[in-house]
Amino acid sequence: MTTEHRAETSAPPSDLSELTLPVTGMTCAACVAHVGNALQAVDGVEAAEVSLAAESANVKLADGSDVTELADAVRGAGYGISTTTERMQIGGMTCASCVGHVGTALQSVPGVIKADVNLAAEVAEVEFVSGSVSRRDLRDAVSGAGYSVLSFEGDGDADKEFDEARQRRQADLNDLRRRVIISLAVAAFIMLAMQYASIEALEDISPTAANYLFMVLAAPVQFWAGSRFYRGAWGALKHRTSNMNTLVAIGTSTAFFYSAVATVFRPLFEDSIAFEAGGISGHATGTYFDVSASIIGLILLGRWLEARARGRTTDAIRKLVGLAPNSAMIERAGELVEVPVEEIVEGDQVVLRPGERVPVDGLVTDGRGEIDESMLTGESVPIEKSEGDSVFAGTVNGTGGLKFTATRVGRDTALAQIVRMVERAQASKAPVERLVDRVTAVFVPVVLSVALLTFIVWLFAAPDPQFVNALLLTVAVLVIACPCALGLATPTAIMVGMGRGASRGLLIRNAEVLETAQRIDTVVFDKTGTLTEGRPSVSSVVPLRGSESELLALTASVEAGSEHPVGTAVVRKASELGLEIAVAADFAAVAGRGVEGVVDGQQVIVGNPALLRERGVDTDLLDEHVKVLAGRGETVLAVASDGVAVGVIGVMDTVRQSSLAAVSQLKEMGVRTVMLTGDNRQTAQAVADRVGVSEVIAEVPPADKAERVAELRAGGARVAMVGDGINDAPALATADVGIAIGSGTDVAIESSDITLTGSDPRGVAEAIRLSRATMRTVRQNLFWAFIYNVALIPVAAGVLHPFFLDSDVPGFLQPLLGQHGFLNPIAAAAAMAFSSVSVVTNSLRLSRGDRTDFVQRPPTSPQPEAAAAAV
């Protein structure tokens, strides 16, 4: 059998690079050929050699070819590519342009499929072909772009990583604060001293002597406090690109070096320094050292305020990380020893006293206590724990003492997994950011062009002194442009929204889900385990012949082979009554309809009446009983023995206390509600009436649930599917947004986009509210960021000057617009500095929430194990 596929074309070896792709899913020689042909069809591929034995493809491709296209080609052929994801903390990013530069640098590493960079979180997540990229490659790519990799996820303990990141941010804040204070103090002194002509004690000082003093004071501000701007600009220049640092460096350097030249060569400029306006009036010295120092001080002040505000966007993560205690009491060699949490290993016996936090996940082996799990689930009722129950890191033991065996420690605990999931979700990109990425890719070059054009136009058109006015207008354009606000508009809101969700027990997979959820107009609920408790019990037994006990025993004997909750309820009831449950022969389950088998020689069928009729059983005597039971909301099991109907059993699943409120809240939001169930229509309608669901789709086999969801979507509805069982997983995956109830199975949770770590369906309305509030904030941020740049860049370029040709600028506006309507560069710097702060501050409003946006939930039964399955 042929197990290799080779395809080649001639090409200069120097123009080619080689890449090995680990391919999954190949089983035969035909697969090898399919993969080889798919790769060969990609532009840039010169040769593709596929090996079944090695499960890989060795590809020779032209330099600069897109690895994403190779991965898409393999996947499009029906196979897979083994990939690895690395997440790293990035240092040195200041604006949206920086995000593009880091992303481009990482994307250029051979083998990288996708690189997502988040400014607000200061992280990059890179997906690459397994084995093709090392951490050193990624680090070199980032440093080559002028930035730095501070750490990789997984380098150490999660708490330690978070603490180190916090310490780095605090050190940077302290450094920024020092530079801000010195810069603004120097700027204030220079601005005051420049008025020396009106200060009697200073009137004998010459302008030249004063300027030398100002230059000496401004130089440290320019080259020490402003050094980060020069480093950032130089890093961008090395890669033939530009960023916000470029704008600030050019703008402040223009003001500083013009003033320095005017100071040193003052006699040559004597005629041109009698400034009348130019944005700043009344300079007795003819220099603008105060402008350069003020711009640097104000922009650094903006960054300091922004950094402080951005630090608050991770409050939710910080609170989650802080839930785990630093030490714990464990039993070793019969003695109790207090050890650091990181030293606990699986299998250790941990002793938990009243009031202590659970240090790691585990299984209770002795004792009894009440554990408060609200910090993980958002639900406040303590849960009683005893032998055999699970406990989770970060939860609190209220009363009683417990001993448990550690089952998951360190990065494997449910709490650690929640933290990682929220961090990754916060760092993910929403589709709306694509517009921002396109704008910021050309933003700085466009601003540089506008600044150059501004200088050229006003050099000839500005009032005297033309050169100085043109120069200061150019500086104003350079410093007022703000790609930072654009870059922060979406990720800060996403980070705060994700954190808010996590604190309320809503685990959202990524930013795309958060954006999609805002448009949901139809919510489809599964009935059992979602609107109901999922623990049905026998409520009615109606025999047509014999006794109730005989009917129950006969039914339980067949249902004993079933795993369906309804069948389990019948078996449980029979066991509670002490009835003898026989072993059924020839057992068979009819999916979504019932079961059958042979009990003591009788052919017994248990299921819905339709199944009995299909088997030739006359159900006329059952119909009235079925109608009564179904009208009460009971699930009806019809029973036949040897082709004769023998009775019906009603099983009732208690409706969750919060279901009515959940449906009511969705209706208030204008969301259509639908219940999708396999129950008969009467039973389903009775439950729907009790909780207020508008529409019922009943008698749907499990295999057809996804099809019904698809039909709703085809009709134009934006559908969220809410479920908890294995048979809900396909429907969850088919919906626009799949929402898993935390009490559900791992399969359902894995198929979902949002996981409610508790079991309260009101979390559905809360998730949609959160999505709408977050995306509303994103739109506000983007609006103001775009409007800010669109409106103020023309103002900085002098567009207001024609309005003041025939009249002076009003006195109260002259500090901003001078005498001719030209924007003061210092005011431009202040506006730029605070534009970013306003965006972050607006996003932080989400973290506060309110009672209209984020509903309070009543106590239910939390399920923190859902968090681990959701990751």
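The values are calculated or read from the model by the stated rules, or taken from the named source; none is laboratory data. No experiment lies behind these values; they were computed from the predicted model shown. As a convention, Cβ positions derive from the backbone with ideal geometry for all residues, glycine included, and neighbour counts pool all protein chains shown. Side chains are part of the model used for accessible areas, which takes the heavy atoms of the whole protein and leaves out ligands, DNA and RNA. Shrake-Rupley method; radii C 1.70, N 1.55, O 1.52, S 1.80 Å.
Summary of computed values
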quantity: Condition broken by Ser838, with the remaining ones in (1) within 28 Å of Val457 (Cα to Cα); (2) surrounded by 16 or more Cβ atoms within 10 Å (Cβ to Cβ); (3) among the small types (Gly, Ala, Ser) satisfied; calculated: (1)
quantity: Residue match in the stretch 699-710 (condition: at positive phi and modelled with pLDDT under 90); calculated: yes
quantity: Checklist (1) closer than 30 Å to Leu336 by Cβ; (2) open to solvent by 30 Å² or more (accessible area, probe 1.4 Å); (3) of a type in the set (Ser, Thr, Tyr) applied to Ser449, failing item; calculated: (1)
quantity: Some residue of the stretch 120-139 being closer than 24 Å to Val496 by Cβ, part of a strand (DSSP E or B), touching a Gly at 6+ places or on another chain (Cβ under 9 Å) and free of Cβ contacts under 8 Å to residues at least 24 places away in the same chain; calculated: no
quantity: Qualifying residue in the stretch 623-638 (condition: modelled with pLDDT under 85, in a strand (DSSP E or B), surrounded by 13 or more Cβ atoms within 10 Å (Cβ to Cβ) and touching a Ser or Thr at 6+ places or on another chain (Cβ under 9 Å)); calculated: yes
quantity: Meets criteria (within 30 Å of Ser836 (Cβ to Cβ) and open to solvent by 10 Å² or more (accessible area, probe 1.4 Å)) for Thr68; calculated: no
quantity: Residue tally, condition assigned to a loop (DSSP other than H, G, I, E, B) and without any contact (Cβ under 8 Å) to a residue 40 or more places away in the chain, over the stretch 41-63; calculated: 6
quantity: Tally, over the stretch 193-215, of residues that are modelled with pLDDT under 80, part of a helix (DSSP H, G or I) and under 20 Å from Ser292 (Cβ atoms); calculated: 7
quantity: Hits in the stretch 547-604 (condition: in a helix (DSSP H, G or I), hydrophobic (A, V, I, L, M, F, W, C) and under 47 Å from the mean Cα position of the chain (by Cα)); calculated: Val566, Ala569, Val570, Val571
quantity: Unique match (being among the hydroxyl-bearing types (Ser, Thr, Tyr), open to solvent by less than 50 Å² (accessible area, probe 1.4 Å) and touching a Pro at 6+ places or on another chain (Cβ under 8 Å)) among Thr474, Thr413, Thr440, Thr454; calculated: Thr440
quantity: Residue check for Pro543: touching a helix residue (DSSP H, G or I) at 6+ places or on another chain (Cβ under 8 Å), touching a residue at least 60 places away in the same chain (Cβ under 8 Å) and open to solvent by 20 Å² or more (accessible area, probe 1.4 Å); calculated: yes
quantity: Boolean, Val447 is modelled with pLDDT of 75 or more and under 30 Å from Met244 (Cβ atoms); calculated: yes
quantity: Single residue of Gln167, Gln222 found to be at pLDDT 75 or above and not hydrophobic (A, V, I, L, M, F, W, C); calculated: Gln222
quantity: Check on Ala38, out of contact with any Lys or Arg (no Cβ under 6 Å at 6 or more places or on another chain), modelled with pLDDT of 80 or more, not hydroxyl-bearing (Ser, Thr, Tyr) and not in a strand (DSSP E or B); calculated: yes
quantity: Filtered residues of the stretch 647-676 (kept if open to solvent by 10 Å² or more (accessible area, probe 1.4 Å) and touching a residue at least 60 places away in the same chain (Cβ under 8 Å)); calculated: Met652, Asp653, Thr654, Val655, Arg656, Gln657, Ala661, Gln665, Met669, Gly670, Arg672
quantity: Within the stretch 376-400, tally of residues that are in a loop (DSSP other than H, G, I, E, B), at pLDDT 80 or above and open to solvent by 40 Å² or more (accessible area, probe 1.4 Å); calculated: 3
quantity: Residue within the stretch 304-312 that is at pLDDT 85 or above and either assigned to a strand (DSSP E or B) or not small (Gly, Ala, Ser) (or both) present; calculated: no
quantity: Residue check, Val74 over 16 Å from Gly131 (Cα atoms), in contact with a strand residue (DSSP E or B) (Cβ under 9 Å, 6 or more places away or on another chain), of a type in the set (Val, Ile, Thr) and buried (at least 21 other Cβ atoms within 10 Å of the Cβ); calculated: yes
quantity: Pair list, Cβ under 8 Å, 6 or more apart: the stretch 229-247 residue without any contact (Cβ under 8 Å) to a residue 40 or more places away in the chain and farther than 11 Å from His101 by Cβ, other residue open to solvent by less than 10 Å² (accessible area, probe 1.4 Å) and polar (S, T, N, Q); calculated: Tyr230/Asn245; Ala233/Asn243; Ala233/Asn245
quantity: Odd one out for Gly154 among (1) out of contact with any helix residue (DSSP H, G or I) (no Cβ under 7 Å at 6 or more places or on another chain); (2) in a helix (DSSP H, G or I); (3) at pLDDT 65 or above; calculated: (2)
